[in-house]
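Chemist: Sharing a structure here in structure tokens format.
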Amino acid sequence: MHSAEAEEIRSLIGLRPEEAFENCKTLLSIQPHPDDTDIAAGGTVARLSSRGCRIIYVTVTDGGAGTTDPSMSWDRLSDIRKREQQAAAQTLGVSELIWLDYRDSELRPTLELRNRLITLVRHYKPDVILTVDPWLPYEAHPDHVATGLVASEAFFFSNLTNINREDLEKGLEPHSPRYIAYYWTKNPNLYIDISDLIDVKKKAMAAHQSQFTQEVIELLVKYSQLLGKRAGYRYAEAFKILNQTALHINSFADTL
Ligand SMILES: [Zn+2]
């Protein structure tokens with residue numbers, strides 16, 4: 001499946017995608033909106049939580065833009081979506097929800113957001129950061145691109161002591177998660193079989209009532225089916241797993 005060249009680079013930089021979620025004790029999911037993790041990785045989240053992995057969702061924006069109903073106010077929708085995320089989180093075994101409340105649809109990559117994420121990484125010390133792939137071709141949503149980029153920077157810099165040094169003065173320690181796992185990616189290197197969890201995932205998706213009609217849920221299930229087909233499973237979720245070394249001056253990264 002991978003070229004000999006990619007295998008060689010993987011071995012040199014210690015990248016083993018298949019081990020990313022194995023023995024994961026803490027997973028920090030950094031998502032643009034309340035629903036992204038559930039629809040992209042809900043089956044994987046359910047699997048990990050059932051194995052005792054602590055799962056924390058950091059939702060970057062407030063979700064207030066996701067409506068076509070003129071009678072729905074920004075604040076009311078934001079409140080509804082938080083309750084929907086809480087219900088879905090309960091279904092999947094997510095233990096903590098953190099809300100950063102940036103304005104939905106207007107997110108830009110900023111140092112302020114990067115530092116807030118670095119502080120969270122140092123506080124929770126995740127083994128894996130889960131987020132959206134900011135390099136998905138044709139992704140038009142700025143919140144997705146910005147969240148993926150800044151989450152990557154937080155992953156990349158959380159072990160450097162002179163970055164956001166205030167954390168250390170407050171008693172937090174530098175931390176290096178082993179892997180970053182991107183969902184909605186053009187170049188997956190890990191497929192997780194979620195065939196036995198598709199009903200749980202559907203239930204979590206259905207909790208986001210303000211966002212998804214039955215047709216949209218069926219489309220999302222179809223995506224899981226098509227990804228599964230590639231890997232010989234009925235339903236799968238797909239991830240691009242990278243480590244720190246892969247994320248800088250690495251012109252092979254898309255092939256790894
Ligand atoms: Zn989203």
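The values are calculated or read from the model by the stated rules, or taken from the named source; none is laboratory data. Values in this document were obtained by computation on a predicted structure and should not be read as measured data. Glycine also receives a Cβ, built like all others from the backbone with ideal geometry; neighbour counts cover every protein chain displayed.
Chemist: Answer yes or no: is there a residue in the stretch 10-29 that is within 14 Å of the ligand (Cβ to nearest atom), crowded, with 24+ Cβ neighbours inside 10 Å and either at pLDDT 95 or above or not in a loop (DSSP other than H, G, I, E, B) (or both).
Modeler: yes
Chemist: Now for a separate question. Of the conditions (1) away from the ligand (no atom under 16 Å from the Cβ); (2) touching a helix residue (DSSP H, G or I) at 6+ places or on another chain (Cβ under 8 Å); (3) over 19 Å from Lys202 (Cα atoms), Ser49 satisfies every one except a single condition; which number is it?
Modeler: (3)
Chemist: Taking the stretch 46-100 on its own, how many of its residues are part of a helix (DSSP H, G or I) and at pLDDT below 95?
Modeler: 0
Chemist: If the requirement is being of a type outside the set (A, V, I, L, M, F, W, C), closer than 20 Å to Glu96 by Cα and touching a Gly at 6+ places or on another chain (Cβ under 9 Å), which of these qualifies: Thr147, Thr119, Thr131?
Modeler: Among Thr147, Thr119, Thr131, only Thr131 is of a type outside the set (A, V, I, L, M, F, W, C), closer than 20 Å to Glu96 by Cα and touching a Gly at 6+ places or on another chain (Cβ under 9 Å).
Chemist: Where in the stretch 106-203 are there helices (runs of 4 or more DSSP H), lying wholly inside it, with at least 2 residues that are within 16 Å of the ligand (Cβ to nearest atom)?
Modeler: Where helices (runs of 4 or more DSSP H) fall fully within the stretch 106-203 and carry at least 2 residues being within 16 Å of the ligand (Cβ to nearest atom), they are 142-157.
Chemist: Residues Thr91, Thr44, Thr59: which one is closer than 26 Å to Glu215 by Cα, within 15 Å of the chain's Cα centre (by Cα) and more than 16 Å from the ligand (Cβ to nearest atom)?
Modeler: Among Thr91, Thr44, Thr59, only Thr44 is closer than 26 Å to Glu215 by Cα, within 15 Å of the chain's Cα centre (by Cα) and more than 16 Å from the ligand (Cβ to nearest atom).
Chemist: Among the residues of the stretch 157-176, are any under 29 Å from Ala253 (Cβ atoms), touching a residue at least 60 places away in the same chain (Cβ under 8 Å) and crowded, with 21+ Cβ neighbours inside 10 Å?
Modeler: Checking the stretch 157-176: not a single residue is under 29 Å from Ala253 (Cβ atoms), touching a residue at least 60 places away in the same chain (Cβ under 8 Å) and crowded, with 21+ Cβ neighbours inside 10 Å.
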